[in-house]
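S.K.: Have a look at this one.
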Amino acid sequence: MIDVTTETVPCLDEALIRERLRCARFARLAYVDGEQPVVVPVNIVSDETQHVMLRTAAESALARLDGRRVSVEIDGHDSATRSGWSVLVRGVARDATDASDVAARRWRQITVDTWAPGVRDRLIVVLPLSITGRVIPTNADSGWFAGVPGS
């Protein structure tokens, strides 16, 4: 399921993708609302099979994502070395809050440490369809750094 091929940007190897997902506690969740893309910060945790879990409030927009395609992105960068990386999980959101299957019961046992205030009683799990990882390697002579205007 993890795809380590990209067009022009070097990719992270599968072991590094798995490790970075395992350690991630903060990500961006992307989805489409009507005709507009939306990207929101979320706290996450992933299990050994790269299912990504997050908690949200029952009345939130995220609580209505069940069955919809979403993406989860984690990343990191080092301004001093002008390098960075990202992992992108594309998948389908599933509300596992009240589901009775074995997987949902297991997911509910995993703690998601949420930073946002208030009750986060809905468990959303991203079932991955593809996972990719990219890296911008250290290259001080490139004259360019992703995400920095005018660099």
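Readers should treat all values here as calculations from the given coordinates under stated rules, not as data from a laboratory. What you are looking at is a predicted structure, and each value in this text was computed from that prediction instead of being measured. Using ideal geometry, Cβ is built from the backbone for each residue, glycine included, and neighbour counts are taken over all protein chains shown.
S.K.: Excluding the sites themselves, what is the longest stretch of the chain that contains no chymotrypsin sites (Phe, Trp or Tyr not before Pro) in a DSSP loop with at most 11 other C-beta atoms within 10 Å?
M.R.: Counting only loop sites that pass the neighbour cut-off, the longest clear stretch is 1-114.
S.K.: Starting from the Cα-Cα distance between residue 47 and residue 98, subtract it from 0.36 nm times their residue separation and give me the gain in nm to one decimal.
M.R.: Length gained, residue 47 through residue 98: 16.5 nm.
S.K.: Name the residue, out of 129, 88, 12, whose mean-square fluctuation peaks in a Gaussian network model built on the chain with Cα pairs under 10 Å.
M.R.: Of 129, 88, 12, the Gaussian network model singles out 129 as fluctuating most.
S.K.: At q = 0.18, 0.21 Å⁻¹, what is the base-10 log of I(q)/I(0) for the chain according to the Debye formula with one equal point scatterer per Cα and no solvent? Please give it to two decimals.
M.R.: -1.08, -1.33
S.K.: Of 63, 10, 109, which is farthest on the positive side of the dipole of the chain, counting Cα position, with +1 on Lys and Arg Cβ, -1 on Asp and Glu Cβ, and the Cα centre as origin?
M.R.: Among 63, 10, 109, the one farthest towards the positive end of the dipole of the chain is 109.
S.K.: Hey, how many Å between the Cα centroid of the stretch 16-68 and the Cα centroid of the stretch 100-114?
M.R.: The distance from the Cα centre of the stretch 16-68 to that of the stretch 100-114 comes to 14 Å.
S.K.: Size of the dipole of the stretch 2-136 about the Cα centre, Lys and Arg at +1 and Asp and Glu at -1 on the beta carbon, nothing else charged, in debye to 20?
M.R.: 200 debye
S.K.: Here is a follow-up. Any idea what angle helix 14-23 forms with the longest principal axis of the chain, computed on alpha-carbon atoms, 0 to 90 degrees, nearest 10?
M.R.: For 14-23 against the chain, the angle is about 60 degrees.
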